[in-house]
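Following: one structure in structure tokens, then a few remarks.
Taken together, the values in this text are just the output of simple stated rules run on the coordinates, not laboratory data. These figures come from a predicted structure and were not determined experimentally. Cβ coordinates were reconstructed from backbone atoms using ideal geometry, including for glycine residues, and neighbour counts include every protein chain displayed.
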Amino acid sequence: MKTTLYLTRHRSSAGPRWALDSRWLPPGLTLGSLLAMPRGDMEELLKGLATSARDSEPAEGPLLAPVEPDHEVWAAGVTYRRSRDARQVESQVADVYARVYQAPRPELFFKAIGWRVIGPDAAVRIRHDSRWTVPEPELTLVINCQGQIVGFCAGNDMSCRDIEGENPLYLPQAKIYDGSCALGPGILLAEPDALRDLPVSLQITRGGVCCFAGETRTSQMVRPLEELVSYLCRSLAFPAGVLLMTGTGIVPPDDFTLLPGDIIRIAVGTLVLTNKVQG
């Protein structure tokens, strides 16, 4: 899919609506209907719509998360060495992370249903019962009903390191809560080969001053993207497609935790997702 087609979802007077390269798509066309198609058919349709929409009304309205209410967002863990090392430090049973890092089967877990996902410039949250919360910047794959990777967006897998570190069985509570998943700013269509060496960066600003910054590349992942998708789609159907966060290679130091008012800026390739932290 050699293309630069870019899908965004906006708030409008008629409700949420999708746009392609800043031009409105037909009202009835949804991400779910696009992801129900084979990759080639989806590309052909969108290219035709892009040509016909060049002189149409430009899309306006604030950006929303690039998912629909019923979409599922899943996540992979321990896909970078830095993530493995950090989780070994925080955990009281550290060997479990070393074992999954080297195992044939990856760690996969449910992260959010679409209506819970936070969009660009909206607020992510800190659990009130966590003392150690960090953002996790991640390449997020957009996958169709046939298990084909059709594009990506930037993602923030907010994580409570103290809760997960206390017991790995607490992972859902550490990862799944209101305001814990942010995606955006839109979906850039791309072939899987274009995603294998993307730059990923994180910057956290507090009181107008950068208090943490880090960067990595998707080429540092220990697992191929197709392997993660293959395991996700084993015995699990996604008729309207699914999004998969692929793990983080950037972890702030052990004495760092997010505070209300912090600004999180995550860049994956050319896509930039910014969110403010709410208590």
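Would you mind ranking Tyr170, Tyr231 so that the residue whose beta carbon has the fewest other beta carbons within 10 Å leads the list?
If I rank by nearby Cβ atoms, fewest first, I get Tyr170, Tyr231.
Taking the chain, how many lysine pairs are there with alpha carbons less than 30 Å apart, if each pair must be eight or more places apart or span two chains?
5
To the nearest 10 degrees, how steeply does helix 39-52 sit against the main Cα axis of the chain, on a 0 to 90 scale?
50
Subtract the Cα-Cα distance of Ser235 and Arg11 from 0.36 nm times their separation in residues, and report this length gain in nm to one decimal.
77.1 nm
Quote to one decimal, in nm, the extra length available between Asp193 and Glu227 on full extension: 0.36 nm per residue of separation minus the C-alpha distance between them.
10.9 nm
When only DSSP loop residues count, what trypsin sites (Lys or Arg not before Pro) in the range 190-279 have their Cβ near at most 16 other Cβ atoms within 10 Å?
Passing both the DSSP loop test and the Cβ count: Arg196, Arg234.
Would you tally the net charge around Ala19, using a Cβ to Cβ cut-off of less than 12 Å, leaving Ala19 out, and scoring K and R as +1, D and E as -1?
Combined, the nearby Lys, Arg, Asp and Glu give +1.
What shape does the chain take by its C-alpha gyration tensor, where a ≥ b ≥ c are the square roots of the eigenvalues and a/c under 1.5 counts as rounded, a/b above b/c as prolate, and the rest as oblate?
Because a/c hits 1.5 or more and a/b exceeds b/c, the chain counts as prolate.
Quick one: if you stick a label point 7 Å off each Cα along the C-beta vector at Leu171 and Ala98, how many nm between them?
Result for the modelled spin labels: 1.9 nm.
Compute the long axis of helix 81-90 from its Cα atoms, compare it with the longest principal axis of the Cα atoms of the chain, and write down the angle in degrees, 0 to 90, nearest 10.
50
List Leu171, Leu25 from most exposed to least, where exposure is judged by having the fewest other Cβ atoms within 10 Å.
Values: Leu171 16, Leu25 23.
Lowest count first: Leu171, Leu25.
Scan the range 14-72 for trypsin sites (Lys or Arg not before Pro) in coil per DSSP, keeping those whose Cβ has at most 12 other Cβ atoms within 10 Å, and list them by number.
Arg54
Could you sort 151-157, 182-188 so that the peptide with the highest average Cβ count within 10 Å comes first and the rest follow in order? Write down the numbers at each step before the final one.
On the way: 151-157: 27.6, 182-188: 25.7.
Per-residue Cβ counts within 10 Å, averaged per peptide and sorted highest first, yield 151-157, 182-188.
Express the relative contact order of the chain as a whole percentage, based on alpha carbon pairs under 8 Å and six or more residues apart in sequence.
Relative contact order for the chain comes out at 25 percent.
Starting from the Cα-Cα distance between Thr4 and Arg105, subtract it from 0.36 nm times their residue separation and give me the gain in nm to one decimal.
Length difference between fully extended and current span is 33.1 nm.
Provide the FRET efficiency to the nearest 0.05 for the Arg81-Ile263 pair, computing r from the beta carbons and using R0 = 25 Å.
Efficiency, from the Cβ-Cβ distance: 0.35.
For the chain, modelled as a GNM with alpha-carbon contacts under 10 angstrom, which of Ile266, Ile126, Ile113 fluctuates the most?
Ile113
Below 14 angstrom from the Cβ of Ile176, what's the summed charge of the other residues (Lys, Arg +1; Asp, Glu -1)? Spell out each step's value before the answer.
Values: positive: Lys111, Arg116, Arg125, Arg127, Lys175; negative: Glu72, Asp129, Glu136, Asp157, Glu164, Asp178.
Computed value for this residue: -1.
Please state the shape class of the range 139-210: rounded when a/c is under 1.5, otherwise prolate if a/b exceeds b/c and oblate if not, all from the C-alpha gyration tensor.
Working: a/c = 2.37, a/b = 1.37, b/c = 1.72.
Oblate, because a/c is 1.5 or more while a/b does not exceed b/c.
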